Amino acid sequence: MNKHKLPLGEKRQFPNDPSCPVRDVLTPLTSKWSMLVLFALMDGPERFSSLKRRIEGISQRMLTVTVRQLQREGYLLRTAYPEVPPRVEYQLSALGDDVVKPLCELILWSEKHHADITSARKTFDEQEG
């Protein structure tokens, strides 16, 4: 019995080429930094410097690469205001807003099961010596 929402039938294949929609969509979306940027923007538009402060450990270069990739994929909108000094804000696009809905479930699941996963890691590491 399939307890998940995917339809029953032929087992899915995940070829390593652009014809695989699962790999093509999920690979850039599920990188460590991409997900954190999306999570940070769930509350509304943010300036670059604000995003950098909210996401501890991300370098300026990696944040630049990440927001550009998310913008390319259609998840983010970048708005540059003609001011001095220049002001740029990032916000979720309609597509980005749509994708964070299931990702919110992942946030809640992560928080709920963090202790279980930490315990499993510890047990594994102890057994591996």
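Readers should treat all values here as calculations from the given coordinates under stated rules, not as data from a laboratory. Nothing here was measured: the structure is a model prediction, and the numbers come from that model. Because the Cβ atoms are built from the backbone with ideal geometry, glycine has one as well, and the counts that use them run over all protein chains shown.
Some points to look at:
- Charging the Cβ of each Asp and Glu at -1 and of each Lys and Arg at +1, and nothing else, the dipole of the chain about its Cα centre rounds to 180 debye.
- Cα-projected label distance for R47 with V22, points at 7 Å along beta-carbon direction, nm: 4.3 nm
- Residues V84 and K32, FRET efficiency given R0 of 30 Å [Cβ-Cβ distance, rounded to 0.05]: 0.30
- Ordering of 121-129, 43-51 by packing [mean C-beta count within 10 Å, highest first]: 43-51, 121-129
- Only one residue of V67, V84, S110 has its Cα farthest out toward the positive end of the dipole of the chain, where Lys and Arg carry +1 and Asp and Glu -1 on Cβ, and that residue is V84.
- Rounded if a/c under 1.5, otherwise prolate or oblate - region 75-129, Cα gyration tensor axes: prolate
- For region 24-63 and region 86-107, distance of Cα centres in Å: 10 Å
- Remark: region 106-118, residue by residue, has Karplus-estimated 3J(HN,Hα) of 5, 4, 4, 4, 4, 5, 5, 9, 4, 5, 4, 5, 4 Hz, where x stands for each Gly or Pro and the curve is 6.51 cos²θ - 1.76 cosθ + 1.60 at θ = phi - 60°.
- Column: log10 I(q)/I(0), Debye, Cα scatterers of region 1-124, q = 0.20 Å⁻¹: -1.21
- Assuming charge only on the beta carbon of Lys and Arg (+1) and of Asp and Glu (-1), the dipole of region 58-115 about its Cα centre is about 240 debye to the nearest 20.
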